[in-house]
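Chemist: Can you keep this structure in mind? I'll have questions shortly.
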Amino acid sequence: MARIRTVKPDLFRHEQLFEAEQATGYPLRLVFTGLFCCCDREGRFEWRPRKLKLDVLPYDDIDFSRVLDALATCGFVVKYEVAGVIYGCIPSFSKHQVINNREKKSELPEISAGTVLSGKYGSETPKNNELQTDDARVIDASGTRHENAQEEGKGREGERKGITAAAAENLPAFKSIGLPLLNGGFYDVNSEHQARFAELFPNLDVGQELRNMLSWFDCNPAKLKPRTQMMQFINAWLTNRQSDLHHKRAMAGGQSSDSGVDDDPLGLNDTSWADDLVLPSAEVCQ
């Protein structure tokens, strides 16, 4: 049963939640806010995507289970299991809600009574408008600065940006790459963004893919994107590339060319599908 809840103004300026939404392509901000109304007084809810969708996004054609998993992966909610039943919880719920004393006590089990499947429980809520747990992994799901950082500094920066210190140690260093924009200027894909993409798309060389995008834009200047759509373009490009990689690996079956050497056995140099990701049409460089 949906309940009346409170939304603080700071939520609308939640930068990490916005970045997670941009990276995943899912309406995470609306869904995260809608889940407030689905939680009991302890911030817990039953992990039933189809039922929750009726209360949050009843008219949208979207796989709500994927949206919930994205929120959990990004650290905004915790997914846990008790006695074979899956539940969810918003760790910071009690810090941002004033519950009516007449509301009945929670009938759902605590996280400590079961096994955490995704997310982390028990962290302090970050200051300012960072409402997710310290261990949130926004693309996000999220990134950290790797250039010229000390080991200790990397850990602190990683936690601040939403990625665990342990995960930060395993990520490569990234250099910022500027993608040209439709109206001039460049969209800076910095090290934080690239580290988040590296987590979301572990089978891709994110740096190389961004350089591929840069080259593709150079050849297709009429297909440049405005700043407001660049993150969606990047996410769509990487999603297609990873899906294409999985599909062509399965189709290749370990076979090589007749010469014994195949420079592109999976056909990943073919970016013709990118035409569907852009707005205007243009001639491709000859």
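The values are calculated or read from the model by the stated rules, or taken from the named source; none is laboratory data. All values reported here derive from a predicted model rather than from experimental measurement. Neighbour counts are summed over all protein chains in view; Cβ atoms, including those assigned to glycine, are modelled from backbone coordinates with ideal geometry. All accessible areas refer to the heavy atoms of the entire protein, side chains included, with ligands and DNA or RNA removed. Shrake-Rupley method; radii C 1.70, N 1.55, O 1.52, S 1.80 Å.
Chemist: For Thr24, Thr239, Thr228, write out the residues from largest to smallest accessible area, computed with a 1.4 angstrom probe and no ligands counted.
Modeler: Ranked from most to least accessible, the order is Thr228, Thr239, Thr24.
Chemist: Still on this structure: How long are the semi-axes of the equivalent ellipsoid of segment 42-101, defined as square roots of 5 times the Cα gyration tensor eigenvalues? Whole Å, largest first.
Modeler: 20, 15, 12
Chemist: Compute the separation of the alpha-carbon centres of segment 1-17 and segment 102-118 and state it in Å as a whole number.
Modeler: Result: 21 Å between the Cα centres.
Chemist: Name the residue farthest towards the positive end of the dipole of segment 11-63 from the options Phe18, Thr33, Phe45, assuming +1 on Cβ of Lys and Arg, -1 on Cβ of Asp and Glu, about the Cα centre.
Modeler: Farthest towards the positive pole: Phe45.
Chemist: I'm a student and want to see the number: the projected area of the Cα convex hull of segment 1-48, averaged over all directions, in nm².
Modeler: 3.9 nm²
Chemist: Sticking with this structure for a sec: Quantify, in whole percent, the carbon and sulfur part of the accessible surface of segment 1-58 (1.4 Å probe; protein heavy atoms only).
Modeler: It is 55 percent, rounded to a whole number.
Chemist: Given the whole protein assembly as supplied and a 1.4 Å probe, what does the accessible area of Cys37 come to in Å², nearest 10?
Modeler: Rounded to the nearest 10, that gives 50 Å².
Chemist: Under a 1.4 Å probe, what is the accessible area of segment 170-245 per residue, stated in Å²?
Modeler: Accessible surface, normalised per residue, equals 42 Å².
Chemist: Solvent-accessible area per residue for segment 1-53 at a 1.4 Å probe radius, Å²?
Modeler: On a per-residue basis, segment 1-53 sits at 54 Å².
Chemist: Quick check: net charge around Pro180, other residues with Cβ under 15 Å of its Cβ, Lys/Arg +1 and Asp/Glu -1?
Modeler: Here the count lands on +2.
Chemist: Distance check, please: which entries in Lys51/Lys95; Lys51/Lys104; Lys53/Lys79; Lys175/Lys248; Lys79/Lys105; Lys51/Lys79 exceed 24 angstrom between their Cα atoms?
Modeler: Checking Cα-Cα distances, Lys51/Lys95; Lys175/Lys248 exceed 24 Å.
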